[in-house]
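Here is the structure we will look at.
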Amino acid sequence: MLTRRLFLEMAGAAATLRASFAAVPDEGLRAIAARRGILYGCAAATYELKDSTFAAALAQEAAILSAEYEMKRAAIEPVRGSYDFSGGDGLLAFARAHGMSFRGHTLVWHHSNPPWLEDALQSADAEAFLTNYIAAVAGHYEGRVTSWDVVNEVLQPQDGRADGLRNSFWLKRFGPEYIDLAFHTARSAAPHAMLVYNDWGCELGAPDNDRFRAATLKFLDDALARGVPIHALGMQGHLSAFGTQVDQKKLSAFLEAVRRMGLKILVTEHDVDDSGGPLDVAVRDRAVADASRRFLDVMLDNPATIAVLTWGLSDRFIDPPGWRDRLAGRYPRMLPLDSDCARKPMWRAMAKAFA
Ligand code: 9MR
């Protein structure tokens, strides 16, 4: 028969055991993801690194960094022909000091370009404004950037073209060939980097997303058939907690088609917009976490997925103009850590998805 003393001893041992589990040093997402062979990381900005609370959280949570805006052309080449790598280099130094790898975002985009660029593209030697930039920037980071978003968001089926390409100033000036040229130039300048096509329209379940998925598969298939050096698809992963949701079946079938092309898959900019939800923070946090989990479960189920990055780590720095209005005075809660860098339900949902 179990004596009272034995019972108390056993209860005590169980409590000690629980305490020792709880006392296991708090693992960050980077360690939890690493056990599954996945890199977890996030976008950041150099001004954020000066915040010691945030920098410590970043070092603990992230195994890969990307630049939220400091490696866009507007930041790197504000003055024609003179390159400013200070932002990217600052982030890279932090990444290296903490044993992280580093992504490049982004070489060619229709947004965040210096104001002189579109005029310059009217000149006869316009192509050089595309290729010289890629060669200089990808060359500067060769061997240090492990993957590049070579072109960003070049698809936009709503623009009405049969090939689904966005009718950007790049396309108007060069035709679709500028995309191939960008990848080939990046390949020569950065032969060791994984070259990524990055976009945002394939995640959700709406009819527009069906068109986006179809356009993306055709774009990738055709480009690979032409010998364009694309190694991976970047799925940005911008979700909405109270808007259109992920359709897991459609997403899964799409990812499988991408994998069968021999491509790797990265989640490059995941966050969950909580605008439109109720005031109650707990309800919003739950909805954000659930949306993240539904998405990541499918993304991680596909063996081609190698990395997950969130677009920022903490709600601390989200305050761009417009956000507060959209949320009627409420602060957005769209990232794994709250504005005090404490873990939110989204962090736990991600940890479970990785585990
Ligand atoms: O979060 C980025 C913001 O700070 C910049 O002002 C903006 C324009 O450069 O870009 C944002 O990041 C975008 C990313 O580069 C591409 N996908 C959509 C992202 C969120 O808007």
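Points worth noting:
- Residue in the stretch 272-302 that is surrounded by the fewest Cβ atoms within 10 Å (Cβ to Cβ), counting only those that are without any contact (Cβ under 8 Å) to a residue 12 or more places away in the chain and in a helix (DSSP H, G or I): 282
- Residue check for residue 240: among the hydroxyl-bearing types (Ser, Thr, Tyr), more than 30 Å from residue 63 (Cβ to Cβ) and within 15 Å of the ligand (Cβ to nearest atom): no
- The set of residues in the stretch 105-117 being within 16 Å of the ligand (Cβ to nearest atom) and surrounded by fewer than 16 Cβ atoms within 10 Å (Cβ to Cβ) consists of 111, 112, 115.
- For the stretch 128-159, the candidate set comprises residues that are more than 18 Å from residue 91 (Cβ to Cβ), buried (at least 23 other Cβ atoms within 10 Å of the Cβ) and more than 17 Å from the chain's Cα centre (by Cα); within that set, the residue that is nearest to the ligand (Cβ to nearest atom) is 155.
- Test: residue in the stretch 299-308 that is within 22 Å of residue 26 (Cα to Cα) and modelled with pLDDT of 95 or more: yes
- Taking helices (runs of 4 or more DSSP H) as the structural unit, those lying wholly within the stretch 7-95 and holding at least 3 residues that are at pLDDT 95 or above, closer than 21 Å to residue 114 by Cβ and within 16 Å of the ligand (Cβ to nearest atom) correspond to 73-76.
- Residues satisfying the stated conditions in the stretch 170-191, i.e. touching a residue at least 12 places away in the same chain (Cβ under 8 Å) and surrounded by fewer than 13 Cβ atoms within 10 Å (Cβ to Cβ): 191
- Flag for residue 309 being within 16 Å of the ligand (Cβ to nearest atom) and either out of contact with any Gly (no Cβ under 7 Å at 6 or more places or on another chain) or within 13 Å of residue 345 (Cα to Cα) (or both): no
- Meets criteria (touching a helix residue (DSSP H, G or I) at 6+ places or on another chain (Cβ under 6 Å), of a type outside the set (D, E, K, R), modelled with pLDDT under 95 and over 30 Å from residue 231 (Cα atoms)) for residue 345: no
- For residue 167, the conditions (1) among the polar types (S, T, N, Q); (2) more than 22 Å from residue 43 (Cβ to Cβ); (3) within 23 Å of the chain's Cα centre (by Cα) are fulfilled apart from (3).
The values are calculated or read from the model by the stated rules, or taken from the named source; none is laboratory data. Please read these numbers as outputs of a predicted model, since none were measured by experiment. Neighbour counts are summed over all protein chains in view; Cβ atoms, including those assigned to glycine, are modelled from backbone coordinates with ideal geometry.
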